[in-house]
């Protein structure tokens with residue numbers, strides 16, 4: 001008989017499903033999806049504040065219109081008659097270094113700068129400038145800054161405001177702000193943080209590892225991809241030529257939460 005191997009994630013048996021010890025039925029209706037994601041990855045439930053910030057991270061990237069490469073990939077696959085799972089997989093596979101992948105890149109840069117600040121006993125601003133300098137010398141750029149559409153990404157601003165309101169802005173978020181200042185001084189113009197950078201800073205302060213970062217973007221964007229796939233399947237003709245810029249919005253007008 002082969003030796004057993006072990007998992008600490010979920011215990012499953014007849015009429016029993018326990019996630020890190022918690023019966024799944026007790027979690028249902030009492031804990032949010034974001035809180036259960038945290039439990040699944042970390043083995044313990046988050047605090048109320050941690051759960052709220054992770055939930056906001058997931059909401060922040062739920063969709064960004066029809067033009068992102070991953071959404072175009074998912075819609076194109078759906079247009080060919082691919083089933084939902086294949087179309088969604090096309091979206092997942094389009095998340096890479098230049099689209100969605102900046103979350104991991106920003107987290108890595110923040111970790112490097114924070115380590116430099118502590119090891120060299122320098123200010124946050126000095127550590128940010130030194131890190132950006134090393135990146136430049138290596139022909140790299142710090143990811144998570146600048147956006148093709150937004151010069152003041154509302155998602156980034158809201159995430160940082162919420163993190164500070166919840167008392168969770170520790171080292172990553174202040175360092176990200178120092179990066180913004182250093183980049184402005186270097187370039188002579190603003191290069192604002194985008195949502196990928198803001199997510200990276202929030203995940204850093206929540207204690208997640210950089211190598212898991214891009215998965216949070218994928219998890220967040222999945223509902224958006226699904227909506228686009230269903231819309232493509234139900235509103236458009238098969239095998240159409242999709243022009244990324246030839247789109248128009250016809251959904252509800254602006255409205256606000258009461």
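Miscellaneous remarks
- Site pair residue 84 and residue 166 shows an inter-label distance of 2.9 nm when each label is modelled 7 Å from Cα along Cα→Cβ.
- When only Cα pairs below 8 angstrom with a gap of at least 6 residues are kept, the chain shows a relative contact order of 25 percent.
- Where labels lie 7 Å past Cα in the beta-carbon direction, separation of residue 134 and residue 48 in nm: 4.0 nm
- Under 12 Å from the residue 33 label point (7 Å along Cα→beta-carbon), backbone N, the stretch 223-258: 223-227
- Anisotropy class of the stretch 61-128 from Cα gyration tensor, a/c 1.5 cut: prolate
- Cut-off 20 Å, label 7 Å out along Cα→Cβ of residue 118, residues of the stretch 157-173 by amide N: 168-173
- Of interest is the spacing of the C-alpha centroids, which for the stretch 77-131 and the stretch 175-219 amounts to 8 Å.
- Classification of the stretch 1-131 by its C-alpha gyration tensor yields an oblate form. The axis ratio a/c (a ≥ b ≥ c) is 1.5 or more, and b/c is at least a/b.
- Label sites at residue 245 and residue 99, each approximated as a point 7 angstrom past Cα along Cα to Cβ, lie 1.7 nm apart.
- When each of 171, 104 is scored by the number of other beta-carbon atoms lying within 10 Å, the sequence from fewest to most is 171, 104.
- Between 240, 42, 221, the GNM of the chain built on Cα springs shorter than 10 angstrom shows 240 fluctuating the most.
- Fluctuation leader among 23, 192, 174 - the chain, Gaussian network, Cα springs under 10 angstrom: 23
- Candidates 30, 158, 97: whichever shows maximal mean-square fluctuation once the chain is modelled as a Gaussian network with Cα springs under 10 Å: 30
- Here residue 8 and residue 141 are evaluated by their C-beta separation; at R0 = 30 Å the FRET efficiency comes out at 0.20.
Readers should treat all values here as calculations from the given coordinates under stated rules, not as data from a laboratory. Please read these numbers as outputs of a predicted model, since none were measured by experiment. When we count neighbours, we look across all protein chains shown, and the Cβ atoms used for this are built from the backbone with ideal geometry, even at glycine.
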